[in-house]
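Right, I'll just put the structure down here and ask away after.
The values are calculated or read from the model by the stated rules, or taken from the named source; none is laboratory data. Owing to the predicted nature of the structure, the values given are computational and were not obtained by experimental measurement. Cβ placement follows ideal geometry from the backbone for every residue including glycine, while neighbour counts extend to all protein chains displayed. In case anyone asks, the SASA skips ligands and DNA or RNA and just uses the protein heavy atoms, side chains included. Shrake-Rupley method; radii C 1.70, N 1.55, O 1.52, S 1.80 Å.
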2 protein chains.
Amino acid sequence: MPDSAIRPRKEFGKTIAADITHRLREEIIACGLAPGEPLRFDVLRERFGASFTTLREALTALAAEGLVDAQEQRGFRVAPVSRQDLVEVTDARVLIEVELIRRSIERGDDDWEIAVISTLHRLKRIEQRDPEHPLRDPEWKIAHRQFHQALVSACGSATLLAIRAELFDRAERYRHLSANFRPRPRDKAGEHQAIMQAAISRNADLAVQLIEAHIRSTSDNVATYAGHLLDAE
Amino acid sequence: MPDSAIRPRKEFGKTIAADITHRLREEIIACGLAPGEPLRFDVLRERFGASFTTLREALTALAAEGLVDAQEQRGFRVAPVSRQDLVEVTDARVLIEVELIRRSIERGDDDWEIAVISTLHRLKRIEQRDPEHPLRDPEWKIAHRQFHQALVSACGSATLLAIRAELFDRAERYRHLSANFRPRPRDKAGEHQAIMQAAISRNADLAVQLIEAHIRSTSDNVATYAGHLLDAE
DNA sequence: AACGGTATGATTTTCGAAAATATGATCTGG
DNA sequence: CCAGATCATATTTTCGAAAATCATACCGTT
């Protein structure tokens with residue numbers, strides 16, 4: 001008999017701290033918490049319904065991921081954004097993602113091909129349904145993330161995948177930052193399609209070239225349309 | 001008047017949590033806490049003199065760095081070691097360090113050259129003094145770390161430097177693991193000297209080649225002399 | 001004896017109060 | 001009127017007790 005008739009305290013079998021970490025991460029990436037904004041415990045306590053120490057644990061984890069800035073004895077704040085940081089994240093992503101694509105193309109088996117094709121398929125479906133503002137659609141965000149994840153998933157290095165994931169999150173925050181000012185999304189569907197085809201046909205050089213262009217053009221877009229937000233800090 | 005006549009509660013103006021994080025990191029790297037060993041709070045509480053939540057915060061931070069393994073609802077343990085992990089860390093280090101050396105050689109100014117030369121000088125001094133078991137000498141460890149840090153310090157990317165630092169720590173733990181079984185340290189002094197010269201003379205290709213060989217041979221050494229520790233887990 | 005379920009003890013996880021520290025306002029002497 | 005010290009308030013940081021969860025030994029049934 002389910003005596004938890006009142007309500008489930010946490011999302012899923014995890015700890016509350018892990019749950020809060022996840023929710024805070026999403027909120028920071030989506031810029032629901034603005035870059036540089038102070039993260040006061042009273043406010044967080046009310047918003048997330050957890051105690052001081054649990055929140056502190058979550059913030060510490062996010063600080064290690066580069067999404068939160070811990071200022072000793074003076075609390076936490078959302079990691080600030082800057083042109084320099086955007087350039088660094090972009091460069092690091094290119095360096096690592098290019099390497100992982102190469103390895104995945106070399107090592108990927110049938111399951112990998114299936115994952116790449118099916119995640120792209122789902123992404124295109126969602127884009128057809130509502131082609132207007134993809135970043136505002138949580139489903140699109142997840143599908144987009146999963147497609148790029150699938151591309152590199154066969155690289156064979158959990159270590160590099162973890163690093164890649166952190167950089168992807170940091171980059172996604174910048175995309176959100178510019179989403180409100182960008183007039184209209186460019187033709188991402190075509191780019192994704194081309195990347196998929198290059199990967200599946202094991203054309204590593206082409207895939208690498210396309211991925212690098214994809215990452216850099218996204219970054220340029222952010223710099224163009226959110227530039228005024230990057231200098232102010 | 002120093003009324004803290006009893007004793008200073010923490011290392012330095014930092015928070016206790018940050019201090020514990022630092023001490024725990026050092027201890028794990030030095031294998032004072034063995035790979036895979038459970039990290040029970042009662043034990044840690046006694047050893048480090050901090051409360052549950054403070055320790056929890058430190059462990060969470062180290063989990064994000066890959067030195068601690070967090071098992072939901074079942075506590076923490078020192079991150080296990082394995083051949084696979086050693087290979088991953090080595091590969092990731094080569095990928096990143098090679099890139100950072102290139103950038104540093106391209107961008108490094110006079111101060112960078114001075115830092116490289118002087119950190120190597122100090123390292124050699126310490127090696128002369130006691131050439132036997134360098135890893136057991138805390139001063140050698142610090143000097144060694146600072147030399148390698150100096151080499152890449154001019155790369156211009158704080159993001160990549162942070163990633164590099166984490167990987168360096170994880171690799172250093174493997175070095176400690178094999179230190180007890182390695183008959184005698186190979187000629188690291190010569191290797192460091194050659195790397196320094198290649199860097200200062202701006203011979204990027206040579207420096208990259210030497211660094212890669214340096215990293216890989218260290219890793220091979222670990223696999224050879226600590227192999228029996230890597231399969232057991 | 002083997003199996004499944006239950007109670008017991010050990011351990012982790014969470015909480016809110018209390019201590020420590022920073023921030024900001026007020027006062028004093030120059 | 002300004003600079004520096006002093007106090008009051010706001011906020012973070014730390015603590016140990018209490019709740020939740022997991023591991024294990026025990027017991028009854030087949």
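How long is the gain from B:Glu27 to B:Ile142 if the chain were fully straight, where each residue apart is worth 0.36 nm and the alpha carbon distance is subtracted?
Gain in length upon complete extension: 40.0 nm.
Here is a follow-up. Please get the size of the charge dipole for the protein assembly as shown, origin at its Cα centre, with Cβ charges of +1 on Lys and Arg and -1 on Asp and Glu, quoted in debye to the nearest 20.
Dipole of the protein assembly as shown, to the nearest 20 debye: 700 debye.
Then there is this: For B:Phe52 and B:Asp187 in one chain, what is 0.36 nm times their gap in residues minus the Cα-Cα distance, to one decimal in nm?
44.1 nm
Continuing with this model, one more query. Run the quick spin-label model on B:Val43 and B:Glu212: label points 7 Å from Cα toward the beta carbon, then report their separation in nm to one decimal.
Reported label-point gap for B:Val43 and B:Glu212 is 4.1 nm.
Excluding ligands and nucleic acids, what accessible area in Å² is computed for A:Asp109 using a 1.4 Å probe, to the nearest 10?
Its heavy atoms expose roughly 90 Å² to the probe.
What is the Cα radius of gyration of chain A over 2.2 N^0.38 Å, N being its residue count?
1.09
Now for a separate question. Scaled to the compact-protein estimate 2.2 N^0.38 Å, what is the alpha-carbon radius of gyration of segment B:50-176, rounded to two decimal places?
Working: Rg = 17.1 Å, N = 127, 2.2 N^0.38 = 13.9 Å.
Expressed relative to 2.2 N^0.38 Å, the Cα Rg reads 1.23.
Please report, in debye to the nearest 20, how large the charge dipole of segment A:83-231 is about its Cα centre when each Lys and Arg carries +1 at its beta carbon and each Asp and Glu carries -1 there.
On the way: 22 positive and 24 negative charges, 71 e Å.
The calculation lands at about 340 debye.
Mind giving me the nanometre distance, one decimal, between the label points for A:Ser82 and A:Ala165, set 7 Å out from Cα along Cα→Cβ?
2.8
With unit charges on the beta carbon (Lys/Arg positive, Asp/Glu negative), name the residue among A:Leu44, B:Leu67, B:Ile200 whose Cα is farthest towards the positive pole of the charge dipole of the protein assembly as shown.
Projecting each Cα onto the dipole axis, the largest value belongs to A:Leu44.
Provide the solvent-accessible area of B:Tyr225, counting protein heavy atoms only and rolling a 1.4 Å probe, rounded to the nearest 10 Å².
That residue has around 80 Å² of solvent-accessible surface.
Taking 25 Å as R0, compute the FRET efficiency from the Cβ-Cβ separation of B:Ala158 and B:Asn203 and round it to 0.05.
My answer for the efficiency is 0.45.
Considering the Cα trace of segment B:148-233, what is its radius of gyration and what is Dmax, both in angstroms?
Rg, Dmax (Cα atoms, Å): 14.6, 45.
Using DSSP to define loop residues, name the trypsin sites (Lys or Arg not before Pro) in segment B:70-154 whose beta-carbon has at most 12 other beta-carbon atoms within 10 Å.
Sparse-neighbourhood loop trypsin sites (Lys or Arg not before Pro): B:Arg74.
Mind checking the full-extension length gain between A:Gln149 and A:Glu72? Use 0.36 nm per residue of separation minus the Cα-Cα distance, one decimal, nm.
Taking 0.36 nm per residue and subtracting the Cα distance, the gain is 24.3 nm.
Also, quick follow-up: Report the charge-dipole magnitude of segment B:16-78 in Debye, nearest 20, computed about the Cα centre from +1 at each Lys and Arg Cβ and -1 at each Asp and Glu Cβ.
120
Any idea what diffusion coefficient the protein assembly as shown gets from Stokes-Einstein, in µm²/s, Kirkwood Rh on alpha carbon pairs, 20 °C, 1.002 mPa s?
Answer from the Stokes-Einstein relation: 88 µm²/s.
Would you compute, from DSSP H runs of 4+ residues alone, the mean residue ellipticity of the protein assembly as shown at 222 nm, taking -39500 (n - 2.57) per run and dividing by the full residue count, rounded to the nearest 500?
That comes out to -22500 deg cm²/dmol.
Right, here's the next one. Over 10 Å intervals from 0, what percent of Cα-Cα pairs in segment A:17-97 sits in each interval?
18, 51, 24, 8, 0
Okay, next question. Suppose a student asked you for the relative contact order of segment A:16-78, using Cα pairs under 8 Å spaced at least 6 residues apart; what percent would you report?
42
Give me the aspartates and glutamates in straight-line cross-link reach of A:Lys188: C-alpha distance below 13 Å, same-chain residues under 8 apart excluded.
Leaving aside aspartates and glutamates fewer than 8 places away in the same chain, those within reach of A:Lys188 are A:Glu127, A:Glu132.
Determine the total buried accessible area between chain A and chain B, counting protein heavy atoms only with a 1.4 Å probe; round to the nearest 100 Å².
So the total buried area for this chain pair works out to about 2400 Å².
Over chain B, what is the relative contact order in percent, taking alpha-carbon pairs closer than 8 angstrom and at least six residues apart?
Contact order relative to length: 24 percent.
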